[in-house]
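Reviewing the structure listed below.
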Amino acid sequence: MRKIFIPIIGISLALGVSSCNSCSVEKKDSHDGSEAKGGVYTGGVMRLNEVEAFKSLNPISVNEVVSFHIGSQLFEGLVKFDQSDLSVKPAIASHYELNENQTEWTFHIRQGVMFQADACFADGKGRVLNANDVKYCLDKLCTSDANNAQYDVTIKDRVVGANEAFESSKAGKNIGVSGVKVINDSTLVITLKQPFAGFLNILAMPGCWIYPKEAVDKYGQDFRIHPVGAGPFQLETLKEGEVLIMKKNPNYYGVDKDGNKLPYLDGVKYTFIREKKAEILEFKSGNLDMVYRLPVEIFHEIMGDLENAKDRKVDFQILNSAAFNTNYLGFNCNSPVFAKKEVRLAFNYAIDRHKIADFTIQGEGTSADYGIVPYVEAFEKDGYNFKGLKGYKFDAEKAKNYMKQAGYPDGKGFPKLTLQINSGGADRNILIAEVIQKMFKENLNVDIDINIVPLAEHIEQLQLGKADFFRLAWVADYPDPETFLTIFYGKHLPINPNEKTYINYFRFKNARFDSLFSASFTETDKAKRYALLSRAEQVVLDEAPFMPIFYDENYRLEQLNVRNFPENAMNYMDLSVVYLIPKDKMSKK
């Protein structure tokens, strides 16, 4: 990660839009600040923005990044990620043990963890969390529900009894997960079907966050907008699509190394300004403390000032890191057109990814030369065979030959298609779609329409298989190649093709891929496991159910008084440890 201080004065943001008031809710943005042990400051409200509305804050329904960002502050699981290096650390569990054959995990619940105060409790004050709450949430995770998007990617096929519990729930039976056993209020044992090296990563995912049964019983479907957890912040105000305010959880268990109680902040305020240009202006005006993802149009205008930064007044800081994020176009392999592999391969060879990366997004990401798994040096050192992968290099003649093999010489007879993309992401999604539209016309003589829909609607249509050609990005759930390849796993598909699929939107099924991918589950040697996963990825590249476009890079702007907020490849945020230095005390720091 690089942290660079750069000036905002002199950057001509001639964007043609006016600054807006972030919301009509009473503002709590400024604070006098109180210095605590170790030189940290307590108080203040962190002001953030998301360009898309969240879909659901119910942990088992979280399937997009906005809900993940917000939910990570409201909920915690047995373990969670460290935002500095993405290692897994204890959270609601104070510690754990693993048996000799690595199939039995014993978790010890931290003493005194409290659920946030809420009207769902008899006295409205919250209560102590215990092992039975963890059991309840893991059982709930293994319950058939139209909104359950987490079961497939967490403990399905991994925990003893998880699959049986899920299948029984379809018939209205609640048998619970036999492999999750409560020993006493502070001890829980989870038994796996076989050893799985990445199990702690799974437990840090949203589907394994802990919440009280009382909240689900009281709010039902409205739990998505009335979350109750044990995280560092609790919901105070919500106007969907406009503003969400959290206040600090006074009963949060966390303390720092100096004994200061966490979180440091009084609260967090999310606005939902949809236009990135307006968002940047809000940041420039001092109304936001951080923004991530810079608009392509002003990316170089901001970054170009880095060379002169040392000679000018410093007004904000920029953090940069490679991202575990792959942007791609997907094919519905069940559709009449894309059932033909030759068409999928033709589309892949017809686009120039380097031109898109260098000119369309102006270096905001790198061309996807490998596949779905972005290049990570640590992955390669541990055995992932990036250099052995055969991806797609731009080759117009090869693309035309594949179209001819598919029965569409020079594009003749090929039906007009619609590429569905989601709104948000500044204008980047549209710019890329338009460039690809042009490349298809020039290199394949194929016409493509572009349809833009809100993200929530986009995801819903992909789950139902209603979009044959679509844009999406996959952000890693944890730092491991497996989290990218799982989106192609055949076992994520429903038996009934008309039912929702919560992850394999390509409706892709390949026995060779499934065999290699599932073999990696039980391989405890990391080098051998990564070798299996890279071989599985080559199967995907050969079958081409998707078009990798580019690998993202994270660029984050922060005000100078923001501290303890490092960038990471997953853009994971733990606001419990972030603090703000009061502006009048900045000169001393």
About the Cα centre of region 323-552, what is the dipole size in debye to 20, counting +1 per Lys and Arg Cβ and -1 per Asp and Glu Cβ, all else neutral? 700 debye
The answer for the net charge of residues other than Asn334 whose Cβ lies under 15 angstrom from its Cβ, with Lys and Arg +1 and Asp and Glu -1, is +4
Among Tyr489, Gly172, Leu57 the positive-end extreme of the charge dipole of the chain (Cβ point charges): Tyr489
Compute the signed sum of charges (Lys and Arg +1, Asp and Glu -1) over the other residues within less than 9 Å, Cβ to Cβ, of Tyr270. +1
Low-density loop cleavage sites - GluC sites (Glu not before Pro) in region 90-161, where at most 10 other Cβ are within 10 Å (DSSP): Glu100
Among the listed pairs Lys239/Lys269; Lys239/Lys466; Lys341/Lys509; Lys381/Lys526, which have their C-alpha atoms separated by more than 19 angstrom in this model? Lys239/Lys466
Taking only the C-alpha atoms, wrap a convex hull around the chain and report its volume per residue in Å³ as a whole number. 154 Å³
Once Lys and Arg are counted +1 and Asp and Glu -1 for all other residues with Cβ under 14 Å from that of Phe75, the total becomes -1
Checked against a 21 Å limit on the C-alpha separation, the offending pairs among Lys125/Lys173; Lys89/Lys125; Lys89/Lys257; Lys55/Lys181; Lys89/Lys247; Lys181/Lys213 are Lys125/Lys173; Lys89/Lys125; Lys55/Lys181; Lys89/Lys247
Taking Cα centroids, how far is region 249-264 from region 435-491 in Å? 41 Å
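Please state the charge dipole magnitude for the chain, taken about the Cα centre, from unit charges on C-beta atoms (+1 on K and R, -1 on D and E), reported in debye and rounded to the nearest 20.
Once rounded to the nearest 20, the dipole reads 320 debye.
Rule-based calculations on the coordinates, nothing more; no lab input. Please read these numbers as outputs of a predicted model, since none were measured by experiment. Here Cβ is always computed from backbone atoms with ideal geometry, including for glycine, and neighbour counts include all displayed protein chains.
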